[in-house]
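Asks: Below is a structure I'd like to ask you about.
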Amino acid sequence: MSMFKDIPVDVGVIYEGERIRRNDMQVELGGPSMKEKFELAKVKPLDEVEDGKITIIGPDIKDMKEGGVYPLGILVEAAGASIDQALEGVIERRIHGYMNYIEGFMHLNQRYDIWLRLCKKSFQKGLNSFDYIGKVLVRLFKSELPIIEKVQITFTTDPAKVSELYPEAMQAYETRDAKARGLKDEDVDKFYGCVLCQSFAPSHVCVITPQRYSNCGAISWFDGRASAQIDPKGPVFAIERGELVNAEKGEFSGVNETVKKRTLGEVNKVWLYTAFDHPHTSCGCFEAVAFYIPEVDGFGVVNRSFKGVTVNGLAFSTLADSTAGGRQVDGFHGMSIEYMRSKKFLAADGGWDRVVWLPKEVKERVKEFVPADIIDKIATEENATNIDALKAFLKEKAHPIVAKWTAEAAPAAEAAPAEAQMEEGAMIPVATAATLPIMAGGFKIILKDAKIYAKKVIIRSMKSEKS
Ligand code: SF4
């Protein structure tokens, strides 16, 4: 029995978190194989919105080939006497939650990264038009956010039209993000938390601060504040910052308390500005992953739309699997692209001086925010496709991390040049994996959520070993 009698499938929170596999899908909309896709919310004057109007530009679901993949643009235009543009990010992020209430319909990610699937069963039950999806969205928007008085929704699947609208959507995100820059974490006494992704990652809480954008890149501190004000019982809530426990790592007593409560004790401590020890949890819809590369003691960054394999031979999907699920995984950090524009970006780990590799596309997007003396020293897929090439590139460009290698390798070489060193001191994470199989004595040992530490990592060229 559906929550809405005129919708052919059920609608409710129990369907959140449903995954639809390729074999079960009727159609896919957006997703990794579609370059251009987007969802965008706009606040409009009351007289420019026709309440409940659903427009479909291009083929509707029923006209799509079974198993086909199509571009998609979703435009939600909302109006109300007491809403303004500050709420656009909040309204937009609700698309994700509300669409996932629909039985057999999956919505992942956000903004220009959306990935939707409709399952065959729901299609066979009659969910064959965007008209139904639009109706569900309109009703949920108006019942859950009553300050929205009118809402109209446009679904665009015509490829040429999606291409035409895509740059406008990208510009709208940039304008929104730019407004949120400038404020510092020290300037506010409240942060905001979001648990929208707990349906997929139960121990995940996004801690949104002025200088640490949400993992999905869709909610700024200002969006968090607006959301908590208009819907205090909703998924976004205020966090009293509390005492500053550790300025370098970004530890705040209020954050620890809230995260502990909201994860039912699963996560007790969060360090906001580092990828080590107690990093911010990673849900599943982060825009990018920062991953530690032990061979060079630096970080690589890869974004969701990067198609190839990264410099350590792993694709985004593999790195994302090692990171996601609401866990705190040492050396793996799910994050937004906007966080890379923040002065707090991995600040405790060395910030940009510790980044050694990232896709060219990401470098281009954030280049204005990367210190001028480091930008050319960071490799992309055009400079290095494996660790050896990366080491050579970093040495040639005199990346600051190279000085660290020299500093660490020199005393080790003096003490015992031929074998591994064991020294007192901080433990260095060498490898982290969700599942790490080891073969030993005819047995396969599988370590779950493994973290391997070494007292010292020594990087020595093979040539010097032989001589
Ligand atoms: S990534 Fe974070 S801010 Fe974004 S929807 Fe998920 S929990 Fe909320």
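The values are calculated or read from the model by the stated rules, or taken from the named source; none is laboratory data. Not measured: the values here are computed from a predicted model. With ideal geometry, Cβ positions are generated from the backbone for all residues, glycine too; neighbour counts draw on all protein chains shown. For the accessible areas, the whole protein counts, side chains as well, though only heavy atoms, and no ligand, DNA or RNA atoms are used. Shrake-Rupley method; radii C 1.70, N 1.55, O 1.52, S 1.80 Å.
Asks: How much FRET efficiency would the formula 1/(1 + (r/R0)^6) give for I374 and D6, where r is the Cβ-Cβ distance and R0 is 56 Å, rounded to 0.05? The partial results should precede the final answer.
Replies: Details: r = 57 Å, r/R0 = 1.02.
Efficiency for this residue pair is about 0.45.
Asks: Using the C-alpha atoms of segment 37-147, what convex hull volume per residue, in cubic angstrom, is computed? Walk me through the intermediate numbers first.
Replies: Working: hull volume 10.8 nm³, N = 111.
It comes to 97 Å³ per residue, whole-number rounded.
Asks: For segment 175-226, what's the relative contact order in percent, using C-alpha pairs closer than 8 Å and at least 6 residues apart? Can you show the working numbers first?
Replies: Values: 59 pairs, mean separation 18.1, N = 52.
Answer for segment 175-226 is 35 percent.
Asks: Taking 56 Å as R0, compute the FRET efficiency from the Cβ-Cβ separation of V188 and K121 and round it to 0.05.
Replies: Working: r = 47 Å, r/R0 = 0.83.
In this case the efficiency is close to 0.75.
Asks: Dividing the Cα convex hull volume of segment 88-144 by residue count, how many Å³ per residue is that? Spell out each step's value before the answer.
Replies: Numbers: hull volume 4.6 nm³, N = 57.
It is 81 Å³ per residue.
Asks: What share of Cα pairs, in percent, lie more than 29 angstrom apart in segment 100-254? Please report the intermediate quantities before stating the final value.
Replies: Working: 3478 of 11935 pairs.
For segment 100-254, the share of Cα pairs beyond 29 Å comes to 29 percent.
Asks: OK, next. Between 0 and 90 degrees, rounded to the nearest ten: what's the tilt of helix 221-230 against the longest Cα principal axis of the chain?
Replies: 40
Asks: What's the FRET efficiency of K44 with N23 using the Cβ-Cβ distance as r and R₀ = 45 Å, to the nearest 0.05?
Replies: Values: r = 41 Å, r/R0 = 0.91.
According to the calculation, E is roughly 0.65.
Asks: Let me ask something else about it. Please compute the contact order of segment 143-210 in relative form: average sequence separation of alpha-carbon pairs under 8 Å and at least six residues apart, divided by the residue count, as a percent. Don't skip to the answer; put the middle values down first.
Replies: Working: 29 pairs, mean separation 15.4, N = 68.
Rounded, it is 23 percent for segment 143-210.
Asks: In the calculated pair distance distribution of the chain, what percentage of Cα-Cα distances lie above 44 Å?
Replies: 16
Asks: Got the relative contact order for the chain handy, in percent, Cα pairs under 8 Å and 6 or more residues apart? Before the final figure, lay out the partial values.
Replies: On the way: 967 pairs, mean separation 54.1, N = 467.
Once divided by the residue count of the chain, the mean separation gives 12 percent.
Asks: Shifting gears a bit: What's the angle, to the nearest 10 degrees (0 to 90), between helix 253-262's Cα axis and the longest principal axis of the chain?
Replies: The angle comes out near 60 degrees.
Asks: Out of the trypsin sites (Lys or Arg not before Pro) in segment 79-183, which ones are loop residues according to DSSP with at most 16 other C-beta atoms within 10 Å?
Replies: Numbers: sites: R93, R94, R111, R117, K120, K121, K125, K135, R139, K142, K150, K161, R176, K179, R181; in loops: K125, R181.
Counting only loop positions with at most 16 other Cβ atoms within 10 Å, the trypsin sites (Lys or Arg not before Pro) in segment 79-183 are K125, R181.
Asks: For the chain, which whole percent of the accessible surface, found with a 1.4 angstrom probe, sits on carbon and sulfur atoms? It would help to have the intermediate numbers written out before the result.
Replies: Numbers: 11000 of 20660 Å².
Here carbon and sulfur together make up 53 percent of the probe-accessible area.
Asks: Could you work out, for segment 148-237, what percent of all Cα-Cα pairs fall into each 5 Å distance bin, beginning at 0 Å and stopping at the bin that holds the largest distance?
Replies: Spelled out per bin, shortest first, that is 2, 12, 17, 18, 18, 15, 11, 4, 1, 0.
Asks: I would also like to ask the following. At 7 Å along the Cα-to-beta-carbon direction for both S33 and S305, put a label point, then send me their distance in nm to one decimal.
Replies: 1.8
Asks: For helix 159-179, report the angle its Cα long axis makes with the longest principal axis of the Cα atoms of the chain; keep it between 0 and 90° and round to the nearest 10°.
Replies: Value to nearest ten degrees: 60.
Asks: I'd like the GluC sites (Glu not before Pro) in segment 215-324 restricted to DSSP loop residues with at most 13 other Cβ atoms within 10 Å, sorted by number.
Replies: Numbers: sites: E240, E243, E248, E251, E257, E266, E287, E295; in loops: E243, E248, E266, E287, E295.
Passing both the DSSP loop test and the Cβ count: E243, E248.
Asks: For segment 6-68, restrict the atom set to alpha-carbon positions and state the Rg and Dmax in Å.
Replies: Taking only Cα atoms of segment 6-68, I get Rg and Dmax of 15.6, 44 Å.
Asks: A further question on this structure: Size of segment 217-294 along its principal axes in angstrom, Cα-based, largest extent first?
Replies: 45, 29, 24
Asks: What is the antiparallel percent of DSSP beta bridges lying wholly in the chain, to the nearest 5?
Replies: 75
Asks: Show me the trypsin sites (Lys or Arg not before Pro) within segment 194-263 that DSSP assigns to loop and that have at most 16 other Cβ atoms within 10 Å of their Cβ. The partial results should precede the final answer.
Replies: Details: sites: R212, R225, K233, R241, K249, K260, K261, R262; in loops: K233, R241, K249.
Those satisfying the criteria are K233.
Asks: Output needed: percent of Cα pairs per 5 Å distance bin for segment 100-181, bins running from 0 to the one holding the longest distance.
Replies: Using 5 Å bins, I get a P(r) of 3, 11, 15, 20, 22, 18, 7, 2, 1, 0 for segment 100-181.
Asks: On a full-extension model of 0.36 nm per residue, what is the gain between A407 and D51, subtracting their alpha-carbon distance, rounded to one decimal in nm?
Replies: Values: separation 356, 0.36 × 356 = 128.16 nm, distance 6.57 nm.
Once the chain is fully extended between A407 and D51, it gains 121.6 nm.
Asks: Kindly identify segment 245-401 as rounded, prolate or oblate by the Cα gyration tensor criterion: order the square roots of the eigenvalues as a ≥ b ≥ c, call it rounded if a/c is under 1.5, otherwise compare a/b with b/c, prolate if a/b is larger, else oblate.
Replies: It comes out prolate by the Cα gyration axes.
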